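Participant: Handing you this structure, nothing more for now.
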């Protein structure tokens, strides 16, 4: 999490459209061992993601045994419901597969 403790790591500002600045994307970056089926995040991060809706993007970088990085893979709408009180993991396989089909940076 950023030093500002805002609930995400990066803010990405899309280019202006017809002279108007669109809302920024709030990106939470997570690294995970390649082949793992979960990514651990805090409950607060999950709540921020849920409350930010379309503005929130989860970016997952998969790290290989030789420290090579695959990704990041960007996942929009990573959560379809509010986190349970003690939830700390998100099962990402289905989301990663869906993301791989759409691919690319959030725009």
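Participant: When the stretch 65-107 is examined, which residues are found to be out of contact with any strand residue (DSSP E or B) (no Cβ under 7 Å at 6 or more places or on another chain), over 17 Å from residue 27 (Cα atoms) and modelled with pLDDT of 65 or more?
Facilitator: Scanning the stretch 65-107 gives 65, 66, 67, 68.
Participant: Scan (1) modelled with pLDDT of 85 or more; (2) more than 15 Å from the chain's Cα centre (by Cα); (3) surrounded by 11 or more Cβ atoms within 10 Å (Cβ to Cβ) for the single condition residue 15 breaks and write down its number.
Facilitator: Answer for residue 15: the failing condition is (3).
Participant: If you check 47, 58, which single one turns out to be modelled with pLDDT under 85 and within 16 Å of residue 77 (Cα to Cα)?
Facilitator: 47
Participant: Hey, residue 21 hits all of (1) at pLDDT 85 or above; (2) surrounded by 11 or more Cβ atoms within 10 Å (Cβ to Cβ) but one; which does it fall short on?
Facilitator: With (1) at pLDDT 85 or above; (2) surrounded by 11 or more Cβ atoms within 10 Å (Cβ to Cβ) applied to residue 21, the lone miss is (2).
The values are calculated or read from the model by the stated rules, or taken from the named source; none is laboratory data. Here the structure is a predicted model, which means the values were calculated and not measured. Positions of Cβ are backbone-derived with ideal geometry, glycine not excepted, and every protein chain shown enters the neighbour counts.
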